[in-house]
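I have placed the structure first, in the form of structure tokens, so that the comments after it can refer back to it.
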Amino acid sequence: MFSTLKAMPADPILGLLSQYRDDPRHEKIDLGVGVYKDVLGNTPILDCVKTAEQRRTATETTKVYIGPAGSSDFNRLIAELAFGEQHPTLNAGRIRSVSTPGGTGALRVAADFIKRCRPGATVWVSDPTWANHSGLFEAAGLKVERYPYYDYATKALKFDEMLAKLNTLGENDVVLLHACCHNPSGQDLSKEQWDQVVQVAVKRGFTPLIDMAYQGFGDGVEEDAYGVRKMAAAVEDMLLCSSCSKNFGLYRERIGACSIIANSSAAADVALSVLLYVVRCLYSMPPAHGAALVETILGDNQLKQQWLDELKVMRDRINGNRAILVERLKAIGVERDFSFIARQKGMFSFLGVSPEQVEQLKQEFGIYMVDSSRISIAGISDSNVDYLAKSIAKVLQ
Ligand code: PMP
């Protein structure tokens, strides 16, 4: 049976990581992998997570099954974090959430849920988008199409084209939007642009699915949720997929949430029953540990404040790295305008160099990034930014 199989292409980012690890040059830089790193290049466990973990070990009494929805406290707190405690849809009882194995699990649950709502639906993703999006929706048997988003030439949004495309969509369409820190471009919608997209969603009746994998990594926890909250207040039905991998640093614990907003509390109950059925058919129930840590942190004012402070350190470092790279490139006389990197948000930006130049950066300078020239901003540090800027300058000559 297996002899008919053809090997799948290897994950380009993991391949890059192993090449980086094997590279003996001490000045080498990894700008590939999309995880947060501190100045020393480590991805440490947050102090608030350590404290929550100690409390959890001391108080946990059972490992019995948690059920397909996961922890109800986590589900409530994560929805309040995303939508804001006083959001009208929360007050109206129109939101239901389930804990999922990471943001990826949330997206896969959303995909199967959509397939059950509207088997013929098309999911529209931004061009470009996170590499896994298409596969996740196609795995559920949904059609995936792209709407115009990032303009590689101007390093800005193709907003008019995006809006024009969204204006052609309707009830059989689901539009996937990145809440903040767009992966891979770093180019987010402004508040005014969100307002316009919300208006089009209301007018055309497509269903928004917002992927929020980086809440707090852009401008702040509240600021980054602007689009989510605006959209949720305006449309009848919506989906939100959240991840706690980056903002809580809980990558390997696999915790996220899939939330649905329905047009009434009764409709939300029906939708929840379908969500739970989908979960049972996919993985039965989510892991509990990450959810327990997040609910311990969010449910305790002091720990929550500590988390917000630690999150700010990560956010400031990323934004600082953006600014310092732009500044160094300018300072050494690079004429090309890289100021877009400082304007963009989150873990990634496209450097905007050719695949040949990406290869040259790797071969000659030991600087690793994916072929598209997407760079992981957290890989930059005070100790390597000069070398990075000079190397970029050399390949641009
Ligand atoms: N959505 C986007 C846009 C992402 O960048 C990622 C993580 N790279 C995810 C979802 C999934 O995150 P998780 O690790 O929580 O599954």
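In table form, for the structure just shown:
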read-out	value
Members of segment 157-179 that are assigned to a loop (DSSP other than H, G, I, E, B) and within 16 Å of the ligand (Cβ to nearest atom)	179
Pair list, Cβ < 8 Å and 6+ apart or interchain, from segment 237-261 residues that are without any contact (Cβ under 8 Å) to a residue 60 or more places away in the chain and under 18 Å from residue 226 (Cα atoms) to residues that are outside any strand (DSSP E or B) and among the aliphatic types (A, V, I, L, M)	237/262; 238/231; 238/232
Meets criteria (surrounded by fewer than 21 Cβ atoms within 10 Å (Cβ to Cβ) and within 16 Å of the ligand (Cβ to nearest atom)) for residue 33	yes
Residues of segment 16-47 that turn out to be part of a loop (DSSP other than H, G, I, E, B) and among the aromatic types (Phe, Trp, Tyr), as a count	1
Considering residues of segment 135-151 that are in a helix (DSSP H, G or I) and aliphatic (A, V, I, L, M) only, the residue surrounded by the fewest Cβ atoms within 10 Å (Cβ to Cβ)	139
Residues satisfying the stated conditions in segment 329-363, i.e. assigned to a helix (DSSP H, G or I) and within 21 Å of residue 224 (Cα to Cα)	340, 341, 342, 343
Some residue of segment 314-335 being in contact with a Pro (Cβ under 7 Å, 6 or more places away or on another chain) and at pLDDT 95 or above	no
In segment 364-388, the residues that are of a type in the set (Gly, Ala, Ser), in a loop (DSSP other than H, G, I, E, B) and within 21 Å of residue 342 (Cβ to Cβ)	372, 373, 381, 383
Count of segment 101-130 residues which are within 14 Å of the ligand (Cβ to nearest atom) and in contact (Cβ under 8 Å) with a residue 60 or more places away in the chain	13
Failed condition for residue 154, given (1) in a helix (DSSP H, G or I); (2) away from the ligand (no atom under 16 Å from the Cβ)	(1)
Filter pass, residue 227 being in contact (Cβ under 8 Å) with a residue 40 or more places away in the chain, at positive phi and crowded, with 20+ Cβ neighbours inside 10 Å	no
Test result for residue 49, within 16 Å of the ligand (Cβ to nearest atom), crowded, with 21+ Cβ neighbours inside 10 Å, more than 30 Å from residue 124 (Cβ to Cβ) and hydrophobic (A, V, I, L, M, F, W, C)	yes
Number of the condition not met by residue 85 [criteria: (1) closer than 30 Å to residue 207 by Cβ; (2) among the acidic types (Asp, Glu); (3) touching a residue at least 24 places away in the same chain (Cβ under 8 Å)]	(3)
Residues (crowded, with 17+ Cβ neighbours inside 10 Å and not in a loop (DSSP other than H, G, I, E, B)) located in segment 54-75	74, 75
Number of the condition not met by residue 91 [criteria: (1) within 24 Å of residue 265 (Cα to Cα); (2) surrounded by 15 or more Cβ atoms within 10 Å (Cβ to Cβ); (3) more than 18 Å from the chain's Cα centre (by Cα)]	(2)
Count - residues of segment 94-111 that are buried (at least 24 other Cβ atoms within 10 Å of the Cβ) and in a helix (DSSP H, G or I)	9
Strands (runs of 3 or more DSSP E) completely within segment 203-294 that count 3 or more residues being at pLDDT 95 or above, of a type in the set (A, V, I, L, M) and within 14 Å of the ligand (Cβ to nearest atom)	207-212
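The values are calculated or read from the model by the stated rules, or taken from the named source; none is laboratory data. All of these numbers come straight from a predicted model, not from anything done at the bench. With ideal geometry, Cβ positions are generated from the backbone for all residues, glycine too; neighbour counts draw on all protein chains shown.
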